[in-house]
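Contents: one structure, followed by commentary.
Derivation of every value follows stated rules applied to the coordinates shown; laboratory data play no part. In this text, all values refer to a predicted model and were calculated from it rather than measured experimentally. Neighbour counts run over all protein chains shown; Cβ positions are idealised from the backbone, glycine included.
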């Protein structure tokens, strides 16, 4: 009687996406091919193609995983924010810090994907527009807070990485901007 291994499509899919992210970070976007991903997973080509028939589908799934992770952090931060004119930007600031501190690798991968594909850039842009549009904070302060949060995120993802005390101080300063009447 032959033993069969249990099928775990979610585990295999996660392994494939992890390998694709590794290729992306180590070798760049152009290097993300089925063959390079296969070399890191040890699965069959058929197994890979069952989940991701094309490179584009693989990249789409990787972007979706990374993007969804950030959106989840944003939604959790939003749930913790009290109502007010700057609720959404404050949640964005907190999620940006959390995302970069927790998963700098995924931040770099997200940027590489977004730089390589306009559809990912457009998706991120729509998210930002929707995330901040409901706030009634004056537009200049709103933009300053978003840009400061983006700059803090960029520094945490790409370096040089400031110390934890500096990050916390910067975060508090950005959040103070949302409390200042204009």
Practice task
Could you work out the per residue convex hull volume over the alpha carbons of the chain, in cubic angstrom?
Solution key: 141
Fill in the blank from the handout: Rounded to the nearest 10, the angle in degrees between the Cα long axis of helix 87-102 and the longest principal axis of the Cα atoms of the chain comes to 50
Problem - Degrees, to the nearest 10: 104-116 long Cα axis against longest axis of the chain - result: 80
Exercise for the section: Taking the Cβ of each residue in 53, 97 as the centre, tally the other Cβ atoms inside 10 Å and list the residues starting with the fewest. Expected result: 53, 97
Fill in the blank from the handout: Rounded to the nearest 10 degrees, the helix 9-27 long axis (Cα) sits at an angle to the longest Cα principal axis of the chain of 70
Completion exercise
If 161, 178, 54 are placed from fewest to most neighbouring beta carbons inside 10 Å, the sequence is 54, 161, 178
Problem - Where only C-alpha atoms are counted, convex hull volume of segment 9-53 per residue in Å³ - result: 58
